[in-house]
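Q: Sharing a structure with you now.
The values are calculated or read from the model by the stated rules, or taken from the named source; none is laboratory data. Just so it is clear, the structure is predicted and the values come from calculations on it, not from any experiment. Every residue, glycine among them, receives a Cβ derived from its backbone with ideal geometry; neighbour counts consider all protein chains shown. For the accessible areas, the whole protein counts, side chains as well, though only heavy atoms, and no ligand, DNA or RNA atoms are used. Shrake-Rupley method; radii C 1.70, N 1.55, O 1.52, S 1.80 Å.
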Amino acid sequence: MATRLTWIEEKKLQNLVKGKFSLLYRASVHGFTNSSLICRCKYQGPTLLVIYSSNHVFGSYIPQNDKNQTRGSCLLFAFEETKILRCELGPHDLTDFVYHYGNKGEFMIDLSGKKVTMSLDTIKKLKLSQHQTISFEECEVFRCEDLLDTRKMKGVAELQGSLLSAIRTYKPSRDLVHQIRILLLGPIGAGKSSFFNSVKSVFRGHVTHQALIGSDRTGISQQYRTYSIKDGKDGKSLPFILCDSMGLSEGKGLCMDDIPYILKGHVPDRYQFNFMKPITPGHSNYIDFPLLEDRIHCVAFVFDANSIEQLSDEMVAKIKKARREVVKSGVVHVVLLTCVDSMDLITKGDLIDIYKCMPVKLKQEEVHKKLGFALSDILVVSNYTSEWDLDPIKDVLNLSALRQMLWAVDDFLEDLPLEETALRGKHLLSVQEKK
């Protein structure tokens, strides 16, 4: 039994009721009678009723619908194209359930007559036709359910544990380096520093904000920072380093000529960027002879999913130029899409299987079309911004993206020319001799 709701209408209603729902009753199937509706729907928990007229889709949401509830509120709604208009009624007696609500004839359904009667005030708020009685063609009732039931959360917890174990035990290919370096690169305010904070939070066991974040248009990160993350407060360092750079901007952002020097390992930790000129040989902090372990092994281009369409032509040109430098250096790269959980039509339940969600697929297509990145390289993350409690669903998204980057680095290391791996071997030998 399928609903008449469109995909967009269904997603909008999921956001309205903060959950998913399953179809209990359809008048054209079970009968246009009050007794049929009540038989299938009474005491089923939170209930959503949807009515389809020739011109409107509207209905009611009753959060209380069980034997212990005698009074409660009802939320009436109506679609205005893809926007939902709302009108709250109550609290009132629930003895008449969903087909008769309110003490002043505010919302009454006559199933056998296929008509709904509402007060003029209610009709005005919902922007329906000016007639108090509206004829309809179909009526459906849904049982609302939690987006994240116990079974799903158990699966999330198991996946989180598996990802944590895989990252903790990861060893870079051929043991060429002890820790791989991942450079976070992207527009100001895209979520680079927030991603570092989010990853550190997972391994620390609580939300942390070591890297400063903010909404300043010039960005917060003015220095080049290399963050080694420990497993727990006093644990050993994990096998990766996240490198945070100044953001790209049409104005006072990262100097594009700094990028090759960062990729090759010439830029030290805490280097103060100058948007007017890049670091050059001869600078007091310039690393003249960087080792393989000083170089960047993977670049993660970070973009706010809600801002892709607003990227200026100048910013697009800078991103493409940066990508060309990365490719020229032979470094692997991915894209991290942040703020997906704040996109319209995305519910928390969608985050469990986010890559199957149509709005996300459309964003990936937009990134591919506008910036040229391969669809398979576009990953979804969910940063901690205002939260103070860890969320296993967010953690799974971020850890999955991190694991994907570790795998990509293995490809980079396996593809290194023999002379570069030989230099690494000589360096290890000299270190051992000094010991």
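Q: What is the antiparallel percent of DSSP beta bridges lying wholly in the chain, to the nearest 5?
A: Percentage antiparallel, nearest 5: 70.
Q: Right, here's the next one. Please report the antiparallel percentage of DSSP beta bridges with both residues in segment 161-316, rounded to the nearest 5.
A: Taking every DSSP beta bridge within segment 161-316, about 40 percent pair in antiparallel fashion.
Q: Rounded to the nearest 20 debye, what is the charge dipole size of the chain about its Cα centre when +1 sits on each Lys and Arg Cβ and -1 on each Asp and Glu Cβ?
A: 320 debye
Q: What area, in nm² and to one decimal, does the C-alpha convex hull of the chain cast on average over all directions?
A: 25.8 nm²
Q: Work out the FRET efficiency for Ser36 and Lys124 from their Cβ-Cβ distance, taking R0 = 30 Å, and round it to the nearest 0.05.
A: After rounding, the FRET efficiency stands at 0.45.
Q: Determine the share of the chain's accessible area contributed by carbon and sulfur atoms, expressed in whole percent, with a 1.4 angstrom probe.
A: 49 percent
Q: Using label points projected 7 Å from each Cα along Cα→Cβ, tell me how many nm separate Asp146 and Lys277, to one decimal.
A: So the label points at Asp146 and Lys277 sit 6.2 nm apart.
Q: If one takes the longest principal axis of the Cα atoms in the chain, at what angle in degrees, from 0 to 90 and to the nearest 10, does the Cα axis of helix 313-328 lie?
A: 50 degrees
Q: Sticking with the crude label model, points 7 Å out along Cα→Cβ, report the distance from Met256 to Gln223 in nm, one decimal please.
A: 2.8 nm
Q: Report the residue, chosen from Ile109, Ile319, Ile352, that carries the largest GNM mean-square fluctuation when the chain is represented by alpha-carbon nodes joined by springs under 10 Å.
A: Ile109
Q: Rolling a 1.4 angstrom probe over the protein heavy atoms, how many square angstrom per residue are accessible across the chain?
A: Heavy-atom accessible area per residue stands at 48 Å².
Q: Pop a pseudo-label 7 angstrom from the Cα along the beta-carbon direction at both Ser135 and Gln44 and give the gap in nm to one decimal.
A: Simple spin-label model gives 2.7 nm for this pair.
Q: So between Ala166 and Trp388, what do we pick up on full extension, going 0.36 nm a residue minus the alpha carbon distance?
A: 77.4 nm
Q: How much length, in nm to one decimal, is gained on full extension between Leu85 and Asp110, taken as 0.36 nm per residue of separation minus their Cα-Cα distance?
A: Going from the current span to full extension adds 6.7 nm.
Q: Also: Stretch Glu158-Asn285 to full length: gain in nm at 0.36 nm per residue minus the Cα-Cα span?
A: Working it through step by step, the gained length comes to 41.2 nm.
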